[in-house]
1. Give the calculated FRET efficiency between residue 174 and residue 288 to the nearest 0.05, with a Förster radius of 22 Å applied to their Cβ-Cβ distance.
2. By what distance, in whole Å, do the Cα atoms of the chain stretch along each of the three principal axes, largest value first?
3. Between 0 and 90 degrees, rounded to the nearest ten: what's the tilt of helix 139-151 against the longest Cα principal axis of the chain?
4. In degrees from 0 to 90, rounded to the nearest 10, what is the angle of the helix 168-179 Cα long axis to the longest principal axis of the chain?
5. If I take R0 = 22 Å and measure r between the Cβ atoms of residue 219 and residue 104 in this structure, what FRET efficiency does the formula 1/(1 + (r/R0)^6) give, to the nearest 0.05?
6. Rounded to the nearest 0.05, what FRET efficiency do residue 152 and residue 31 give with R0 = 35 Å and r taken as the Cβ-Cβ distance? Could you check?
7. To the nearest 10 degrees, how steeply does helix 185-196 sit against the main Cα axis of the chain, on a 0 to 90 scale?
8. Run the simple label-point estimate for residue 315 and residue 263 please: 7 Å along Cα→C-beta, distance reported in nm.
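Readers should treat all values here as calculations from the given coordinates under stated rules, not as data from a laboratory. A quick note: this is a predicted structure, and the numbers were derived from the prediction, not measured. Positions of Cβ are generated from backbone atoms using ideal geometry, with glycine treated the same way; all protein chains shown enter the neighbour counts.
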């Protein structure tokens, strides 16, 4: 039996009304916050608190984490944050050290992001929120999965992911091979070993480098990627186990929702079922896998279906 489509509030015919950010915000209290990490960094975030609605929903906080070269106020994280807050849930959307151009200038070290999420949970604790669902998009999905499996914080009651890749290193390697990137994955790996070892975090030899044809078949700038050797090694290198959700998701100890895009050019369709299988075979008590038909990696024109699917799953915690 096919599962019914998620309920789509505020519209007819299964199409949700597009957010009007200024007007929608009248029913929300929004507050800029800062998060101070244990290693002395400060990141920004936005706290969305509904003024009205179900008190049980308002007491649950959803911590939203961005994807690659993203941040908390643009793209899908912005839409998800407003959408879930409009459904009555408290939302904290945050930057991490991976936000914006962190990967370009050496600071975006993926294995240190648990410190950023520690700081975000502390902000929610100070505001009186003691039950939290982690929600990550793309690279953020990898981050929240690793964080829960590593830290297992008591206040985190669930993990929800959007466009979740099985492996960040493997996804990048596959894309570079498809477009004939220069330098190749193997060449960058060799350079990292030569320049950064024995201590990649402290090596004085970090450098910015450009990869041609990294995301498309031409040498045009839009198909190039910029990294430093240190940030690449931390998030896409062959030894970045924290970037491998296939090795972490089986250690998640709270219910999960995997919301995948049905026409994703970056995350193959079979990766969602494989992540679900690994989670179910491990310590995860329950897994819901949903695929949004016709959605690309950023859920373009399908954002509202993703939001409605997440909101429906969140009802279990209220």
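1. Rounded to the nearest 0.05, the efficiency is 0.25.
2. Cα extents, longest axis first: 57, 44, 41 Å.
3. So the helix axis and the longest Cα principal axis differ by about 80 degrees.
4. So the helix axis and the longest Cα principal axis differ by about 60 degrees.
5. 0.70
6. That gives a FRET efficiency of 0.80.
7. 80
8. Label at residue 315, label at residue 263, 2.9 nm between them.
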